[in-house]
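Peer 1: Below is the structure I would like to discuss, written out as structure tokens.
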Amino acid sequence: MSQIQHHPSDDTLASYSAGALPAALALVVGCHLEECGRCRRELSALDGVGGELLSALAPKPLSETAKARMLALLDEQTEGFPGSGDLDGNGAGENTRAEKPVAPSSVPRLLAKLTGSDDLDALPWKTVGPGVRQIVLHTGEGNSRLLRIGAGRKMPVHSHRGSELTMILRGGYSDVIGKFNAGDVADLDASVEHQPIADADEDCICLAGMDAPLKFQGWIAKLMQPFVGM
């Protein structure tokens, strides 16, 4: 399996570090971090900068919702990353050596904990359109779901009313941006219109988080949108 090529943007990682992402988007970033040493190193640097900035500010109480979300994310960040004190995930505690490509697992531990299973095929998939199935995930903030796009199938053409993060768990897809494989993350905003097309030889299973509904093109997709929930 090829090395991860697509990552969350610097702005997205900074928002995650600050605890400012909605839970649906933070879930995608957290799962990607389990697989990506590069982004773990970037997050560590951001956490250090953020700590210095926070130390210079007067304390401000968090809301109970924000406090619970932050504590949960910190717990998952600690438990989910491979190794102990090792940003490369190799157990050696050294982050200066060249990173070796690692084949991402199909189910990140953070996602398995949320769904109660590490077997994607055993989950209760529901058909929402020709060749497309989904599982809605309840994260409390934003819109989060697993999508299973049949081999060779096309998603409807759509753009975005807000932000969308999508991580490939198995298989892959192509669109106007490029080719996405397992571990890759598509970090999208309202400027992007695309039509993901699953690889011909395998279903594409991905984890998607959104902070606003998608904007579908075509009357059939628009009619289906209230039932699909995206």
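Peer 1: At a Förster distance of 25 Å, what's the computed FRET efficiency of residue 123 paired with residue 212, Cβ-Cβ distance as r, to 0.05?
Peer 2: The computed FRET efficiency comes out at 0.50.
Peer 1: In addition: Using packing as a proxy for protection, rank 109-115, 168-174 so that the peptide with the highest average count of other Cβ atoms within 10 Å comes first.
Peer 2: Sorting 109-115, 168-174 by mean packing, highest first, produces 168-174, 109-115.
Peer 1: So how much slack lies between residue 197 and residue 113, counting 0.36 nm per residue of separation and subtracting their Cα-Cα distance, in nm?
Peer 2: 27.4 nm
Each reported figure results from applying straightforward, stated rules to the coordinates on display, with no laboratory input. As the structure is a computational prediction, the values presented were derived from the model and not from experiment. Please note: Cβ atoms are built from the backbone with ideal geometry, for glycine as well, and neighbour counts cover all protein chains shown.
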